[in-house]
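All remarks here apply to the structure that follows.
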């Protein structure tokens, strides 16, 4: 049991990154369908992802040493069905007439192992029935397929990493896992009346479809920033390979790429990649189309001023560490002004997180906003 707890702990540590990678395609599809993401759907898909991670970790961990696996002489597979029943009859200490043997019988490997294999796929069957709305025969087929994937993973020695299997391919596991999925399907049918329906889960998403939240803005900005960073990296690589183009390796080149990436498309009436992903479009405050110069003005105020403020504060701190009383005086004033501006900007951003209707200061100055497309 301690080994299983350790496997679950490993899944917990790996979950934040792996779950995001696995769940991202579904969340992307759901967002483009409803233009918002239901909190219930995020909860269920993350829970399902966590379950799959735990199940996978349980069937591959702990990972033994390759040299130790090469020396194994244990059987690699069992193709005889219902061997677990024969093992129970042969090795389990149960004596029905002796109450004192009952606890030991329940805790024996001949009971724990089959029960574990049944329990392993109960959540899978429940998810297929409740969340994915699969009929019972598809749940059985899906549970068998998942079990077969687990067993082939073991039979292949973790896809060839080990010279031979370090765990037994067992046809009984296929039977027990499939039974667990079928039981999960039945349990889901019992509890479905008290769980939220698809309509209830998606109602909130549909109501928020036209909201332009800070999370939505941030998602679009991150996509644009990553795209600009990739372009900058490619240009830097070209500058490294071709010394005549060494200017492409300059630190300020990222800003050039970022300005072109963020400003030129809206100036031409198009959307950036990030805007397309989160389905936003730049417009005037009243919703009318923007003028060609407004994206540049918006970028200068919204991104340029915060960047210059941070840069100026660092320069002021460097000046304080330098020489001269006059420099210290002006540096102190610069730090106070920079901190004041940063406090205003951060407060403005936090207010936008809390109040969906709040327009950021730089949007009010530039008479622009982002609207749902």
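Brief remarks follow.
- Sorted peptide list for 281-289, 42-50, criterion being average Cβ within 10 angstrom, highest first: 42-50, 281-289
- Ranked packing of 145-152, 179-186, 61-68, most packed first, by mean Cβ within 10 Å: 179-186, 145-152, 61-68
- Rounded to the nearest 10 degrees, the inclination of helix 39-60 to the longest alpha-carbon principal axis of the chain is 50 degrees.
- C-alpha long axis of helix 305-320 to longest principal axis of the chain, angle in °: 80 degrees
- For residue 65 and residue 87, a Förster radius of 25 Å and the Cβ-Cβ distance give a FRET efficiency of 0.35, rounded to the nearest 0.05.
- Distance from the C-alpha centroid of region 128-205 to that of region 44-63: 12 Å, rounded to the whole angstrom.
- Per-residue Cβ neighbour rank within 10 angstrom, fewest leading, 371, 103: 103, 371
- For the chain, the longest principal axis of the Cα atoms and the long axis of helix 198-207 meet at an angle of about 10 degrees.
- Contact order relative to length of the chain, as percent, for alpha carbon pairs under 8 angstrom and 6 or more apart: 15 percent
None of the figures in this text is laboratory data; all of them are computed from the coordinates on show. As the structure is a computational prediction, the values presented were derived from the model and not from experiment. For neighbour counting, all protein chains shown are included, and Cβ atoms are generated from backbone atoms with ideal geometry for every residue, glycine included.
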